[in-house]
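Taking it in order: structure first as structure tokens, then the write-up.
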Amino acid sequence: MSALTDKRMQTQARWAWAAVLAVLLAAPFIGLYPVFMMKALCFAIFAVAFNLLLGFTGLLSFGHAAYLGAAAYFTGWLVKEAGFSPELGVLVGTLGAGLIGLVVGLIAIRRQGIYFAMITLAMAQMVYFVWLQAPFTGGEDGLQGVARGTLFGVLPLASDTTMYYVVLAIFVAVFLAVIRIVHSPYGQVLKAIRENEPRAISLGYDVDKYKLLAFVLSTTIAGLAGSLKTLVLGFATLSDAHWSLSGEVVLMTLLGGMGTFAGPVIGAFTIIGLQNYLADRVGSWVTVIIGAIFVLCVLGFRRGFVGELLAWQKRRQRSD
Amino acid sequence: MSNPYILETRALTKEFKGFVAVSKVDLQVRRGSIHALIGPNGAGKTTCFNLLTKFLTPTSGQILFDGQDITNETSAHIARRGVIRSFQISSVFPHLTVLENVRVALQRTLNNSFQFWRSEKVLDQLNGQAMDLLREVDLEKYAALTAVELSYGRKRALEIATTLAMNPTLMLLDEPTQGMGLEDVDRIRQLIKKVAANRTVLMVEHNMSVVASIADTITVLQRGATLAEGSYEQVSKNPAVIEAYMGSANVELKGAH
Amino acid sequence: MEIFGIPLQAFLGQLLLGLVNGSFYAMLSLGLAVIFGLLGIVNFAHGALYMIGAYVAFGLTEKLGIGFWGALVIAPMVVGALGVVIERTLLKQLYNIDPIYGLLLTFGLALIAEGIFRDQFGVSGQQYPVPDLLQGATNLGFMVLPNYRGFVIFASLAICIATWYLIERTRLGSYLRAGTENPKLVQAFGVNVPLMVMLTYGAGAGLAAIAGVLAAPVIQLTPLMGSNLIIIVFAVVVIGGMGSIMGSILTGLVLGLVEGLTKVFYPEASSIVVFVIMAIVLVIRPAGLFGKER
Amino acid sequence: MAKRFLEVKGLHGWYGESHVLHGVDFHVDEGEVVTLLGRNGAGRTSTLRAILGLIGSRKGSVQVLGQETIGMATHRIARLGIGYCPEERGIFSSLSAEENLMLPPQLGEGGMSIDQIYAMFPNLKERASSQGTRLSGGEQQMLAVARILRTGARLLLLDEISEGLAPVIVQKLAEMVLALRQQGYTIVMVEQNFRFAAPLADRFLVMEHGQVIQQFTQAELPSRLDSLHEYLGV
Amino acid sequence: QISGDVIKVGIITDMSGLYSDIDGQGGVEAMRMAVAELGGAINGKKIEILYADHQNKADVAAAKAREWFDTQGVDMLIGGTTSSTGLAMSAIAREKKKVFLAVGPATSALTNEQCSPYTVHWAYDTVALAKGTGGAVVKGGGKSWYFLTADYAFGTALQNDTTAVIKANGGTVVGSVRHPLSASDFSSFLLQAQGSKAQILGLANAGGDTVNAIKAANEFGITKTMKLAGLLMFINDIHALGLKTTQGMYLTDSWYWNRDAETRAWSRKFFEKMKRMPSSIQAADYSVTLNYLLAVKATGSDDADKVLAHMRNTKVNDVFAKGGYIRPDGRMVHDMYLMQVKSPDKSTEPWDYYNVAQVIKGEDAFTTKAESKCSLWK
Ligand SMILES: Nc1ncnc2c1ncn2[C@@H]1O[C@H](COP(=O)(O)OP(=O)(O)OP(=O)(O)O)[C@@H](O)[C@H]1O
Ligand SMILES: Nc1ncnc2c1ncn2[C@@H]1O[C@H](COP(=O)(O)OP(=O)(O)OP(=O)(O)O)[C@@H](O)[C@H]1O
Ligand SMILES: CC(C)C[C@H](N)C(=O)O
Ligand SMILES: [Mg+2]
Ligand SMILES: [Mg+2]
């Protein structure tokens, strides 16, 4: 690919992003239900975090809901029971998820590939049972009625519109942060590890530490998604930590295009939108449809929306 | 320096479930030399390499690097000391460019590999150094290609460039010419000779013509134990070596590869 | 009589129930190991196949009046055939790519199956009667053991051992093992690998279905019964290490017992004990108890 | 005239989208030993793989004992009596050395017995119960050759069998090939190691860019050395 | 003034899970019967029914409720089964200032610690169950208890409320074991219970869980050493278990279809549609819809405050309850029934399962003012 077409693609991408941002900024005024938009943004953050691990590190964590759920519970409890301010609740919740990520990571990192996936799933299930039994989570009932409070003591978040812009700002920040992580010296090493792990070891990289850092970064950001979600919706329940959510985030990433920046975001909006749209119309067929999308993605659409788009552009350029 | 040996093993032994693959090997690799490890198939050469780089843990014995005991260090530690190995099958980062392949190795010297908050542009300062290394192995023309696109021989060359980037004190090469056409064999042979100018090389090689032309010292292993040691002239005349390794038709097959 | 302050009765009773659960773990992790071993696919749909097996038995009995014994034969065949179809149409396309896609595809299949059955049967439990022959219970002194549960233990042991023998000790077994590593080469030796792979997945699915039929009379049939179990079975597999068939059988049984024990001493932890053990095993022996060194 | 064992005509081969064989033509008669020469990447391995239908897709004609095999499943082609020793050896790690040896099914009469094989490769006997891939590189190579000698295949496709072996063993392999020729086996070898191949083959084929560009017999060899040098750097 | 020119009433309940027989589609049908009775419209404004499945998950219920209030303009929400979802929806309704009528949820917290000016608890609650069945069993000599408790808001509430009644009547509780909602296998829980040597095994669960626990208890021979007390049993559960297994058991319920001519007549209409007799909850779904709509009609408005004020001042007199009234804490007070399951030979027709053993006056059945922790009733 020549540098010129490369440039052209970059400009195109810039414009596309600007357009998306404009729509997001205008959302509350063009009739998009803010609660839905916030939920979708939270899941977009979640998927972006997940993709950092799957797409850019090559690790399939099949238990990522554990971290979203953990942060949701931490934030929920801190804000509701301990009277924390929302910003502090989110901060501590997020870090808490990262801490759990660190512990799970230390164990799971010991195995690779498919085993890693199974171990993360199993560890997540364990965490799930802990939430089920821990006294502060409310078991099956969950934590209900978490108030949004006042941001930094000045900005009341009760209004959906205000809350929406806060969530949007955080989303944009996370998105840019992930781009930076991938294009950092650290990101370069991660890429090398993903390509050829034994070789990276022989170059003196302690690959487990790099993978662990990626895992912790990813789980921390996933936690942020969970904390925000609790504030937005006002509750934290077992569904936030359930394995089916772990599966959904895989699907979001796969559908949008793993290893791309925009992919997970598009995937998240698609899946959440679909679920919302279908839930009342088709009942338990939602699960069937989600499952079918999974199957189709794996069989013939492994690059996802964005991946296919990029591949198509490349092909077009080559034939130019 | 007082210690003439960069690497020594003392009674190095590896058993696999009762099978002794490496048995009490005392290896002494002289600083600045090219040292070849040869021996019949299954003699324990690769296992030795695996022990030296801690891909396997020795059952007993000691490994000294520069006089220091490194027996209990991890692979990554040993690599950081400057003991770098290449693999029997070629091993590059396939979807990184040739330049990036080398740069990843150089990057460790910058000590910024955990800095996920900085831009990767800080790595550009290494490009010059990387190009120099590529030039050394005749790959500078291919710097922008991804590594998958290289031919077999060039991949091996890239691997050596990457290894050099680590500024290794001791390079371990496991059958570097295996599977190569004659042209490539010669290219690699010269390359080894060139890069060995100011470092030590320990290599496993079945190609006697390569061994004969560049190795300063040869250790012959058989059934895990040292059978003979010395220069090519000495070793190749040793009847036990001929019997166990070279074969009776030594003269005729010498250049067989 | 008491052990550590726990009535012996409760203690032995829980152990025996643990063994019943362990039998299911063993059968499922065995099937998972066979499919993983031979196809390189972590069959997330295994739980769904188990569930379908149970429902097919339910359907056969309710709708067609075929009893338990008939169902025990027919249901695995039906599910095995379903497995064959899945393999031919879907999995076949994944053999040369990252095994992660196999996991994701079968995950999708599991969701589809779950959704369909939820639509048909709701999520509330269905009952399946214990076969007449095994009605009633035997008073073992320390507990009343329903005959059927005793039968489950024996039946699953027999199935496990037969499978182990087939794979580890027969020529067919060695084709299967080799085929998983390099199917093309085994085929180049003149073995009909595609057929073999297809039948293997079918057999693995059938194994899951047998477990399902056996489970039907002792638990509530729900569309979710498989996915809840499969995660535990994954942990069992990680603990045992996918390397060996015997390993997965033993690990399954033992973990069932351990769970039973936990129910006696610290019931709150019984649902996580398997995962805790998994973590510990991973720290000490990353390859699992029976796994081969990398 | 001897029977045609293998007849390859206008064979094209692809890996996915990359076209690697561009019309390969050659034939091998029963009892002949033929060596494919060429640089790295010339397409020799691909030719062997294409004969068995192991590459992505192929076109043209490959007849084994007069039977067209294009469109046939790999295992059925093999059953016509072909033994294949792949370049990367293909030893199975889940099988012991002995199980590896015993794995390929019997294809016909007259294979070697286990004892004969162990006599030829004593290393294998010693490591018989080891996991296949735990053998040393050279031992695996021996195993890969040995296991197709058992099956009674009459056409052997041998890809770089001298690779990575100690000179003694290479010499032994040479003796083995000669012995097999004596016994009437048909052999197609791919060899980088020209000195090894030179005395063994009846005929040589030189490949370049997925085509056979030269053919000559053992007798013509001395006169061809110069042009070979040009192609192969021998 | 009817908002959006249509009266929207919704129910969020278990449509597919272990409680779906008790409420579910049947509950929706009962609501339709009430709407039909008013001719499908009030003052020309159409009445619309919405329903959704919450799968017994509090978060699903809360999100759905929020969405309905925000985007669908739902005026009144009926809380179907499951206490945790009830509490969640009650909180949302309070935030949005909309009418929430709890029918299926049992927990007494709805009118106690977590009472709300916008929530009315209609059919029954855990206190009433505890006083009814718990009281009867203890008085009948069952002094030592062990609980098998569903591990969520309802189970906890039922166990606590029953424990209080047991203690007040001189009994003891020797232990308890919690099982997950919709448990798949009760055998190990039951072995634990058996080890306790208590006389009574109190089943603080409901629906499919109760049915399965009773079956497993029979299978393991536990019924030989302990007596079972199903603290919340609906007619559907008795139907599933059969009279042979359940005969002689006591249970407390808010309504029984075969109580008098009026209930029988209404129930037969329901039976025609659903092919089964209504549960007390389904009858209450009808009652609550009817009374709400009558209040809308009377006030000519669907404003929550106005409608609720009217309902608080009006007695409930319908097929479900006679002379019922709404207390300041949101409790709709009416008579409860302690019933005993008939033996098979006494049952004269399908679904004829109970003898009413005692009518418990509303004032005795529910929380008293002294016990109440509701700030609205001080
Ligand atoms: N992990 C292992 N487990 C069991 N035996 C092993 C293992 N690795 C190597 N061996 C055995 O140890 C012996 C030495 O193997 P090694 O690979 O070191 O030989 P080598 O000298 O490199 O031979 P080659 O030249 O053929 O590569 C062989 O007999 C081999 O079968
Ligand atoms: N699996 C594959 N996918 C794509 N291209 C391939 C594949 N295998 C081989 N090729 C390409 O096909 C061409 C012929 O390769 P082949 O392996 O047949 O060569 P060869 O003559 O055997 O060389 P070598 O000495 O390296 O074994 C090469 O350009 C190679 O890069
Ligand atoms: C309908 C009932 C079975 C629901 C249960 N009483 C609860 O409140 O959770
Ligand atoms: Mg070796
Ligand atoms: Mg080749």
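Side notes on the structure shown:
- Residue match in the stretch E:207-218 (condition: out of contact with any Gly (no Cβ under 7 Å at 6 or more places or on another chain), away from every other protein chain (no Cβ under 14 Å), over 19 Å from E:G26 (Cβ atoms) and in contact (Cβ under 8 Å) with a residue 24 or more places away in the chain): no
- Here the helices (runs of 4 or more DSSP H) wholly within the stretch E:119-215 that include at least 1 residues being touching a Lys or Arg at 6+ places or on another chain (Cβ under 9 Å) and under 30 Å from E:T289 (Cα atoms) are E:153-168.
- Index of the failed condition, C:A155 passing every other in (1) assigned to a helix (DSSP H, G or I); (2) within 25 Å of A:V288 (Cβ to Cβ); (3) open to solvent by less than 50 Å² (accessible area, probe 1.4 Å): (2)
- Tallying residues that are within 14 Å of A:A65 (Cα to Cα) and either within 14 Å of chain B (Cβ to nearest Cβ) or open to solvent by less than 10 Å² (accessible area, probe 1.4 Å) (or both) within the stretch A:230-246 yields 6.
- Which numbered condition D:G164 fails, given (1) over 19 Å from D:G31 (Cβ atoms); (2) more than 16 Å from ligand 1 (Cβ to nearest atom); (3) within 11 Å of another protein chain (Cβ to nearest Cβ): (2)
- Cross-chain or 6+ apart pairs with Cβ under 6 Å, the stretch E:270-283 first and among the polar types (S, T, N, Q), then within 16 Å of ligand 2 (Cβ to nearest atom) and open to solvent by less than 10 Å² (accessible area, probe 1.4 Å): none
- Selected residue (criterion: farthest from C:L195 (Cα to Cα)) from residues of the stretch C:92-120 that are more than 8 Å from chain A (Cβ to nearest Cβ), open to solvent by 60 Å² or more (accessible area, probe 1.4 Å) and not charged (D, E, K, R): C:Q120
- Against the criterion of being closer than 28 Å to E:Y256 by Cβ and more than 16 Å from ligand 2 (Cβ to nearest atom), E:G44 does not qualify.
One line per residue, one yes/no per condition, for (1) away from ligand 1 (no atom under 12 Å from the Cβ); (2) more than 16 Å from B:T71 (Cα to Cα); (3) touching a Ser or Thr at 6+ places or on another chain (Cβ under 6 Å):
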{"site": "B:I6", "(1), (2), (3)": "yes, no, yes"}
{"site": "B:R10", "(1), (2), (3)": "yes, no, no"}
{"site": "B:K17", "(1), (2), (3)": "no, yes, no"}
{"site": "B:V22", "(1), (2), (3)": "no, no, yes"}
{"site": "B:V25", "(1), (2), (3)": "no, no, yes"}
{"site": "B:L37", "(1), (2), (3)": "no, yes, yes"}
{"site": "B:G42", "(1), (2), (3)": "no, yes, yes"}
{"site": "B:T46", "(1), (2), (3)": "no, yes, no"}
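- Residues of the stretch D:27-44 that are open to solvent by 10 Å² or more (accessible area, probe 1.4 Å) and away from ligand 2 (no atom under 14 Å from the Cβ): D:H27, D:D29, D:E30, D:G31, D:E32.
- Checked against (1) under 23 Å from the mean Cα position of the chain (by Cα); (2) within 30 Å of E:Q194 (Cβ to Cβ); (3) crowded, with 22+ Cβ neighbours inside 10 Å, C:M143 passes all but condition (1).
- Output for the stretch C:243-294, where each listed residue is in contact with a Lys or Arg (Cβ under 7 Å, 6 or more places away or on another chain), among the small types (G, A, S) and in contact (Cβ under 8 Å) with a residue 40 or more places away in the chain: C:G243, C:A287
- Boolean, E:D151 is away from ligand 1 (no atom under 16 Å from the Cβ) and touching a Gly at 6+ places or on another chain (Cβ under 7 Å): yes
- Single residue of D:R147, D:R134, D:R154, D:R181 found to be touching a helix residue (DSSP H, G or I) at 6+ places or on another chain (Cβ under 8 Å) and charged (D, E, K, R): D:R147
- E:L101 within 16 Å of ligand 3 (Cβ to nearest atom), under 17 Å from E:I7 (Cα atoms) and modelled with pLDDT of 90 or more: yes
- Pairing each residue of the stretch B:178-191 that is touching a residue at least 12 places away in the same chain (Cβ under 8 Å) and at the interface with chain D (Cβ under 10 Å from one of its Cβ atoms) with any residue that is among the hydroxyl-bearing types (S, T, Y) and open to solvent by 60 Å² or more (accessible area, probe 1.4 Å), provided the two are 6+ apart or on different chains, yields C-beta distances under 7 Å for B:G179/B:Y152; B:M180/B:Y152.
- Residues of the stretch A:256-294 classified as open to solvent by less than 10 Å² (accessible area, probe 1.4 Å) and within 11 Å of chain C (Cβ to nearest Cβ), total: 2
- Residue list for the stretch B:192-212, restricted to those being of a type outside the set (A, V, I, L, M) and either open to solvent by 50 Å² or more (accessible area, probe 1.4 Å) or in a loop (DSSP other than H, G, I, E, B) (or both): B:K193, B:K194, B:N198, B:R199, B:E205, B:H206, B:N207
- Here E:V174, E:V165 are screened, and the one residue that is among the aliphatic types (A, V, I, L, M), surrounded by fewer than 24 Cβ atoms within 10 Å (Cβ to Cβ) and closer than 26 Å to E:T81 by Cβ is E:V165.
- Summed over the stretch E:80-102, residues that are under 20 Å from E:D305 (Cα atoms) and more than 13 Å from chain A (Cβ to nearest Cβ) total 6.
- Filter result (over 19 Å from A:R302 (Cβ atoms) and either acidic (D, E) or not in a loop (DSSP other than H, G, I, E, B) (or both)) within the stretch A:53-71: A:A65, A:A66, A:Y67, A:L68, A:G69, A:A70, A:A71
- Test result for E:D345, touching a helix residue (DSSP H, G or I) at 6+ places or on another chain (Cβ under 8 Å), at pLDDT below 95 and either within 30 Å of E:A240 (Cβ to Cβ) or open to solvent by less than 20 Å² (accessible area, probe 1.4 Å) (or both): no
- Within the stretch C:272-288, the set of residues being buried (at least 18 other Cβ atoms within 10 Å of the Cβ) and modelled with pLDDT of 85 or more comprises C:I272, C:V273, C:V274, C:F275, C:I277, C:M278, C:A279, C:V281.
- Qualifying position, being closer than 30 Å to D:S162 by Cβ, surrounded by fewer than 22 Cβ atoms within 10 Å (Cβ to Cβ) and within 11 Å of another protein chain (Cβ to nearest Cβ), among B:L56, B:L110, B:L96: B:L56
- The set of residues in the stretch D:167-195 that are within 14 Å of chain B (Cβ to nearest Cβ), within 16 Å of ligand 2 (Cβ to nearest atom) and modelled with pLDDT of 85 or more comprises D:V190, D:E191.
- As a summary of the residue check, E:T71 satisfies the conditions (1) without any contact (Cβ under 8 Å) to a residue 12 or more places away in the chain; (2) closer than 21 Å to E:A295 by Cβ except for the one numbered (2).
- Some residue of the stretch E:61-70 being in contact with a helix residue (DSSP H, G or I) (Cβ under 8 Å, 6 or more places away or on another chain) and not in a helix (DSSP H, G or I): no
The values are calculated or read from the model by the stated rules, or taken from the named source; none is laboratory data. Just so it is clear, the structure is predicted and the values come from calculations on it, not from any experiment. FYI the Cβ positions are ideal-geometry reconstructions off the backbone, even for glycines, and counts take in every protein chain you see. Quick note on the areas: whole protein, heavy atoms, side chains included, nothing else; ligands and nucleic acids left out. Shrake-Rupley method; radii C 1.70, N 1.55, O 1.52, S 1.80 Å.
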